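Contents: one structure, followed by commentary.
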Amino acid sequence: MKNNLFIALEGIDGSGKSTQVKLLATAMTAAGHNVYSTFEPTDGMIGNVLRNILKGNIKADHRVIAGLFLADRLDHLLNEETGIVKKMQEGYTVITDRYYFSSYAYHGTHMDMDWVIEANKMCAQILKPNLNIFIDVPPEISMQRINAGRESTELFETLESLKNVRAKYMEAFEKLKHAEEIIIIDGNRHANEIARDIQKATEVW
Ligand code: ADP
Ligand code: TYD
């Protein structure tokens, strides 16, 4: 058995995270890991409220949204049945589609990023990813993918917003470069090439 790892995939909407989570899960399973793949917002109670906010069915202030994402993340970690902490204790390698850097980037576009980082400190204390992988795709390309693949768009899915979010990701990576393991991967390539680079980055463990 391999050491179990906690890996977070990050990127703007439409950057290919869920595609890469699947490819990485397959590769890590073949390499001998027991893999548990997961995502935020979760499909739990708080995650469902968040999805309704993202779709525009419920209106909420951005500070409320930031607070709800934090609550959803704590449940993602601590849920007694499906929580990441439990899965890690059981020996799974956990791959998550988004974790706290998403909050720093998305909510950092509407409020003080340092507040968001401070509010998420408890999550970092509970479980810090062995690796945060940012799939870097130009916002123009990710918007094209979103518009081609779906009929409706969500709260943050405009070109202007995704440009701001990408810039905030970079700001957060710079702020936390001494505290976190971060790699940035060129996501504007064929999915298999991206997957190969992501896989290589995880092989150091
Ligand atoms: P995310 O989870 O970041 O929103 P997805 O993996 O759902 O991204 O990908 C968004 C869209 O782009 C999907 O239609 C997917 O098939 C497509 N896609 C994913 N990776 C690539 C890639 N490397 N090149 C072109 N299209 C891609
Ligand atoms: P997701 O379902 O991953 O969307 P996509 O597949 O299009 O990338 O995430 C939903 C949205 O939630 C996305 O716009 C990013 C946003 N989000 C936050 O604003 N804060 C957070 O902490 C997280 C985890 C996501």
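Scanning segment 87-102 for residues that are over 21 Å from Gly32 (Cβ atoms) and more than 13 Å from ligand 1 (Cβ to nearest atom) turns up Tyr99, Tyr100, Phe101.
Residues of segment 105-130 being surrounded by 22 or more Cβ atoms within 10 Å (Cβ to Cβ), away from ligand 1 (no atom under 16 Å from the Cβ) and not hydrophobic (A, V, I, L, M, F, W, C), which ones? I'd like the intermediate steps shown before the answer.
Quick first cut of segment 105-130, residues surrounded by 22 or more Cβ atoms within 10 Å (Cβ to Cβ) only: 105-108, 116, 129.
Pick out the ones that are also away from ligand 1 (no atom under 16 Å from the Cβ) and you get 107-108, 116, 129.
Once the filter is applied, which keeps residues that are surrounded by 22 or more Cβ atoms within 10 Å (Cβ to Cβ), away from ligand 1 (no atom under 16 Å from the Cβ) and not hydrophobic (A, V, I, L, M, F, W, C), segment 105-130 yields His107, Gly108, Pro129.
Per the conditions (1) of a type outside the set (Asp, Glu); (2) within 13 Å of ligand 1 (Cβ to nearest atom); (3) in contact with an Asp or Glu (Cβ under 9 Å, 6 or more places away or on another chain); (4) more than 21 Å from His33 (Cβ to Cβ), the sole criterion not satisfied by Ile133 is (4). Filtered by the rule that a residue be within 14 Å of ligand 2 (Cβ to nearest atom), in contact with a helix residue (DSSP H, G or I) (Cβ under 8 Å, 6 or more places away or on another chain) and part of a helix (DSSP H, G or I), segment 150-176 gives Leu159, Leu162, Lys163, Val165, Arg166, Lys168, Tyr169, Ala172. When each of Ala27, Ala60 is tested for being away from ligand 2 (no atom under 11 Å from the Cβ) and assigned to a loop (DSSP other than H, G, I, E, B), the lone residue that passes is Ala60. Listed by first and then second residue, the pairs linking a residue in segment 97-108 that is part of a helix (DSSP H, G or I) to a residue that is more than 6 Å from ligand 2 (Cβ to nearest atom) and polar (S, T, N, Q), with Cβ atoms under 9 Å apart and 6 or more places separating them unless they lie on different chains, are Tyr100/Asn120; Tyr100/Asn132; Phe101/Asn132; Ser103/Asn120; Tyr104/Asn120; Ala105/Asn164; Tyr106/Ser161; Gly108/Asn164. Can you confirm whether Gly149 is within 15 Å of ligand 1 (Cβ to nearest atom) and touching an Asp or Glu at 6+ places or on another chain (Cβ under 6 Å)? Criteria not met by Gly149. Checked against the criteria, Arg73 does not count as away from ligand 1 (no atom under 16 Å from the Cβ), surrounded by fewer than 17 Cβ atoms within 10 Å (Cβ to Cβ), touching a residue at least 24 places away in the same chain (Cβ under 8 Å) and not aromatic (Phe, Trp, Tyr).
Out of curiosity, is Arg51 away from ligand 1 (no atom under 16 Å from the Cβ), basic (Lys, Arg) and more than 30 Å from Glu193 (Cβ to Cβ)?
When the stated conditions are applied, Arg51 does not pass them.
Restricted to segment 177-205, and to residues there that are assigned to a loop (DSSP other than H, G, I, E, B) and farther than 24 Å from Met143 by Cα, the residue that is farthest from ligand 1 (Cβ to nearest atom) is His178. For the criterion of being at positive phi, away from ligand 1 (no atom under 13 Å from the Cβ), over 18 Å from the mean Cα position of the chain (by Cα) and touching a residue at least 40 places away in the same chain (Cβ under 8 Å), Gly32 fails. Scanning segment 128-149 for residues that are assigned to a loop (DSSP other than H, G, I, E, B) and over 14 Å from the mean Cα position of the chain (by Cα) returns Val137, Pro138.
Every read-out reported here was derived from the displayed coordinates using simple, explicitly stated rules and does not represent laboratory data. Bear in mind that the values here come from a model prediction, so they are computed numbers and not experimental data. Virtual Cβ from ideal backbone geometry, glycine too; neighbours counted across all protein chains shown.
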